[in-house]
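A.B. asks: Dropping a structure here in structure tokens format, bear with me for questions.
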């Protein structure tokens, strides 16, 4: 089996769509179809169900897991040799749902290790476990749980999530609000899959309610600006409340023990982490998340 064929298979397995996979790979769809057919012929079994929409079957899922681990080990070996040959610290690849929380430790790390190349990858939490096991990234930071099989983790911090409202909003003077009081309010929030949206949907579903969403955005700064502009209200974590609630908005605690987020750092249990990645892990885990300062300034 050729490495390129295995890489192409992983793209098809992830997207479960031949034409979109061909577009991402910049190859013709008939060529990609032949590649998948050859793999299935070599393995002696179909990897996809083709009744209706293309779906990865059980054999395909089993094969995908082994291919991800195998290609991940090859990439880890390549990087280890490159690091040894250059006698440098190497590269660190960090994935997160948002980097707003990480500006402090990232800046401190770059000051301490200016020669290290840092690759930042935005990633939804649902893709993180796969990317870590495939060694596509070294470290992931998630604000919601991800499948822990084959991974190690450490909790960074836990915090309350409140609601940001414009200063002229009827709730602006409250010291706390309930989810029931937020029902029917226009919400500015993130797209489905993001931790902020997951939390909003979960809080409302627990009370048999559906949030009224007037805007979806992947940009935290845009959410904050839209709240300040009076277009709606939105969930805001305590960590980001200073930047998310401007002069024209305020932050109110929500009276619910479930309205919190736990931020966790993950890495592969069997992965070879470069020196750069190990140093990044140490910087992040030792960071003082309460004061926003490195540990030596505590």
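None of the figures in this text is laboratory data; all of them are computed from the coordinates on show. From a predicted model like this one, the values you see are computed outputs, not experimental measurements. Counting neighbours? That spans all protein chains shown, and the Cβs are built from the backbone with ideal geometry, glycine included.
A.B. asks: In whole Å, what are the Cα extents of the stretch 167-210 along the three principal axes, biggest one first?
C.D. replies: Over the stretch 167-210, Cα extents along the principal axes are 31, 20, 17 Å.
A.B. asks: Given 4 °C and 1.567 mPa s, compute D for the stretch 204-294 with the Stokes-Einstein relation, Rh being the Kirkwood radius over Cα pairs; round to the nearest whole µm²/s. Working shown, then result.
C.D. replies: Numbers: Rh = 16.5 Å.
The calculation lands on 79 µm²/s.
A.B. asks: Restricting the count to DSSP beta bridges whose residues both fall in the chain, what percent are antiparallel, rounded to a multiple of 5?
C.D. replies: Working: 24 of 39 bridges.
Among the beta bridges of the chain, antiparallel pairing accounts for roughly 60 percent.
A.B. asks: Taking 7 Å along the Cα-to-C-beta vector as the label spot, tell me the residue 152-residue 58 distance in nanometres, rounded to one decimal.
C.D. replies: With each label placed 7 Å out from Cα toward Cβ, I get 3.4 nm.
A.B. asks: Using the alpha-carbon atoms, what tilt in degrees (0 to 90, nearest 10) does helix 103-112 show relative to the longest principal axis of the chain?
C.D. replies: On a 0 to 90 degree scale, this one is about 60.
A.B. asks: Given a Förster radius of 22 Å and the C-beta distance between residue 45 and residue 5 as r, what FRET efficiency does 1/(1 + (r/R0)^6) yield to the nearest 0.05? Present the calculation step by step, with values, prior to reporting the outcome.
C.D. replies: Working: r = 16 Å, r/R0 = 0.73.
Efficiency for this residue pair is about 0.85.
A.B. asks: State the extension gain, in nm to one decimal, for the chain segment bounded by residue 168 and residue 238, taking 0.36 nm per residue of separation less the distance between their alpha-carbons. Show your work: numbers first, answer last.
C.D. replies: Numbers: separation 70, 0.36 × 70 = 25.20 nm, distance 2.10 nm.
Difference between extended and current length: 23.1 nm.
A.B. asks: Another one. Have a look at the chain and give its Rg and Dmax from the Cα atoms, expressed in angstrom.
C.D. replies: According to the Cα coordinates of the chain, Rg and Dmax are 22.3, 68 Å.
A.B. asks: On to the next question. Counting DSSP beta bridges with both partners in the stretch 165-298, what percentage is antiparallel, nearest 5?
C.D. replies: Details: 3 of 9 bridges.
Of the beta bridges lying entirely in the stretch 165-298, close to 35 percent run antiparallel.
A.B. asks: Let me check the size of the stretch 53-160 from its C-alpha atoms; what are the radius of gyration and Dmax in Å?
C.D. replies: According to the Cα coordinates of the stretch 53-160, Rg and Dmax are 16.1, 50 Å.
A.B. asks: While we're on this one: Would you mind computing, in nm to one decimal, how far apart the modelled labels at residue 81 and residue 38 are, each placed 7 Å from Cα along Cα→Cβ?
C.D. replies: Here the modelled spin labels are 2.3 nm apart.
A.B. asks: Across the stretch 158-261, what fraction of all alpha-carbon pairs, as a whole percent, falls in each successive 10 Å bin from zero upward?
C.D. replies: 17, 57, 26, 0
A.B. asks: If you don't mind, another one. Kirkwood hydrodynamic radius (Cα pairs, Å) of the stretch 3-65? Spell out each step's value before the answer.
C.D. replies: Values: mean 1/r = 0.0871 Å⁻¹.
The Cα-based Kirkwood calculation yields 11.5 Å.
A.B. asks: For the chain, what's the relative contact order in percent, using C-alpha pairs closer than 8 Å and at least 6 residues apart? Write down the numbers at each step before the final one.
C.D. replies: Details: 473 pairs, mean separation 64.3, N = 298.
Rounded, it is 22 percent for the chain.
A.B. asks: For 81, 214, 177, what ranking results if the residue with the fewest other Cβ atoms within 10 Å of its Cβ goes first? Don't skip to the end; give the middle numbers.
C.D. replies: Details: 81 10, 214 15, 177 19.
Going from least to most buried by this count: 81, 214, 177.
A.B. asks: Sticking with this structure for a sec: Hey, with R₀ at 22 Å, roughly what FRET efficiency would residue 126 and residue 69 work out to, going by the Cβ-Cβ distance, to 0.05? Write out the running numbers ahead of the final one.
C.D. replies: Numbers: r = 19 Å, r/R0 = 0.86.
About 0.70, to the nearest 0.05.
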